[in-house]
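The values are calculated or read from the model by the stated rules, or taken from the named source; none is laboratory data. Only a predicted model underlies this, so the values are computations on that prediction, with no experimental measurement involved. Every residue, glycine as well, gets a Cβ built from its backbone with ideal geometry; the counts of neighbours run over all protein chains shown. Side chains are part of the model used for accessible areas, which takes the heavy atoms of the whole protein and leaves out ligands, DNA and RNA. Shrake-Rupley method; radii C 1.70, N 1.55, O 1.52, S 1.80 Å.
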Amino acid sequence: MHKNDSHKNHPHHPHILARLGSHLWSADRQLRKAFPAASLQRIEQAVTAAESGHSGELRVVIEGGLGWAVASAGASRLPASSLSRARAVDLFAQLGVWDTADNSGVLIYILMAEHQLEIIADRGIHAKVGEEVWQGIVADTTVRFRQGDYEQGVLSAIDAIGTLLRSYFPVTADRNPNELPNRPLTL
């Protein structure tokens, strides 16, 4: 390590403090601004509509910030993508998205404080689609996010995932359960 780089790992480095601040104070305000109640309702309607065409399950989770958890165990030094991915995987398990009958659950996770989007797909759908397709949906959605169009970004992701699920998990006469809530969860 160069002598001048020693401040980068110090907990009081301005970047780390700003990042911690965004998780503690501004993230919830960002969430409410980007996803007001009417937007959340339209997202719920899109999930309901998408799920009517396949036997897969979609779950949307939008989190403002991770609060003090981002400061614990050096999390404030993790790259944003690592932090959001770890949280998405944790929520995928906690919310039972992995526990659908056909292993066809998909979590769309947004961490507002880090401006990150993650898609976690259960093994049944992931094996058929592959990582490259998921990353393409993430890339398309984050372009909309950068333009400030969060709602349309999520709706576009729901549509793309719904198309994939219709291809691989079509509705059958006896099978179209609703195993997960369609309403977006805000944390």
- Query: Can you list the residues, at least 5 places off or on another chain, whose amide H is less than 5 Å from the amide H of GLN116, using H built in the peptide plane?
  - Reply: LEU111
- Task: Work out how much length THR48 to ASP140 would gain on full extension: take 0.36 nm times their residue separation and subtract the Cα-Cα distance, in nm to one decimal.
- Result: 30.9 nm
- Table column - 3J(HN,Hα) (Hz), the stretch 96-104, Karplus curve with 6.51, -1.76, 1.60, x for Gly and Pro: x, 5, 6, 9, 7, 4, 9, 6, 10
- Item | Under the Karplus curve 6.51 cos²θ - 1.76 cosθ + 1.60, θ = phi - 60°, whole-Hz ³J(HN,Hα) for the stretch 126-132, x wherever Gly or Pro sits | 4, 5, 8, 9, x, 4, 4
- Note on the structure: On the accessible surface of the stretch 77-187, probed at 1.4 Å with all protein chains in place, carbon and sulfur together account for a percent value of 50 percent
- Message: Under the 0.36 nm per residue contour assumption, what length would be gained going from the current alpha-carbon distance of ASP149 and ASP99 to full extension?
- Response: 14.9 nm
- Extension gain HIS115-THR172, at 0.36 nm per residue separation less the Cα-Cα distance, in nm? 16.8 nm
- Enumerate the amide H contacts of VAL60 below 5 Å, restricted to partners 5 or more residues apart or on another chain; note that Pro and chain-start residues carry no placed amide H. ILE108, LEU185
- Item | Local electrostatic count, SER156, Cβ distance below 14 Å [Lys/Arg +1, Asp/Glu -1] | -1
